[in-house]
Structures are given as C-alpha cells and as structure tokens.
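Readers should treat all values here as calculations from the given coordinates under stated rules, not as data from a laboratory. Just so it is clear, the structure is predicted and the values come from calculations on it, not from any experiment.
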C-alpha cells in the first residue's frame, strides 16, 4: 500500500462539479492499493499517516504530526500511484489490486481513519475526481508499507 501525503493549507475534491470532501490545514493523502495489500497493510499505513512528523513546531522543525498540529485528513483513491513505470513509456497497472479488493481496503482505511481521527474527508472511489490543493512548503512524502 502506498500513500502520497502532501501538507496542505487547504484541499478539495470534486465529482461532477460538486465538492465531496474538503479540508483546511492538514494532509491530502493519495492512496494506492496493491494486489498484495490487506487490512494489516491499511492499519500500518494509517498509523504512519497519522503519526508522520511533517508539521513545524515552534522552532520551525518538522516535529509535529497531524494529530499534534490539528487540521484535517483528505483521503483520495489513486490507483495510478501503484503503477509500474520502470520500463517503456506506458505505465503498467499489474501491481494494483483488483477494483473490488481495492475499494474494500479503501473503505476500510477511511473507516479506521474516522475512528482514530477527526476530521476525515474523502473522495469517491473510482470516480473521475478533480483535486485542488495548496501545498504548504511544498511538503510531499511517499509512504509505503
């Protein structure tokens, strides 16, 4: 399971011109599910996302995690994140989970995130989404479990 986190000043996801999720300060998480992933993978990645220290403390050092800094978490499914780009000029999606498995793990991830943290917003799985954000820093990290 891969998660691309971006520290944002604000972020929003729209489907068909309607906002389905939005946060102010916090983290935008683009979530990719691979074929070998399971609930344990989701739990490990969620722990990492919630506890990864990417927010500045009083001295400007990245010592605070999302929970300490406050703000929101916006989770957006992103199957292209798990693409194999090592060969050729067209991505291969053979590493990705089948849609049914990926959706179940995405839903599980969001459910667990909402149990452990608030606020949590999300996109719509497999929808054509438009994501807008203001990256703060910019600060972007690829987390893998």
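Between the helical axis of 99-116 and the dominant principal axis of the chain, each derived from Cα atoms, what acute angle in degrees is found, rounded to the nearest 10? The helix 99-116 is inclined about 20 degrees to the chain.
Pick the calculated Rg and Dmax of the Cα atoms in Å for this structure from (i) 16.2, 54; (ii) 14.9, 46; (iii) 17.1, 55? Of the labelled values, this structure produces (ii).
For segment 3-145, DSSP calls about 75 percent of its internal beta bridges antiparallel. Considering only 120, 15, 33, the mean-square fluctuation computed in a Gaussian network model of the chain, springs between alpha carbons under 10 angstrom, is largest for 15. Helix 39-51 axis versus longest C-alpha principal axis of the chain: approximately 30°, rounded to the nearest ten. Percent relative contact order of segment 2-132, based on C-alpha pairs within less than 8 angstrom and at least six residues apart? Worked out over segment 2-132, it gives 33 percent.
Think of it as helices only: each DSSP H run of n ≥ 4 in the chain is worth -39500 (n - 2.57), and spread over all residues that comes to -7500 deg cm²/dmol at 222 nm.
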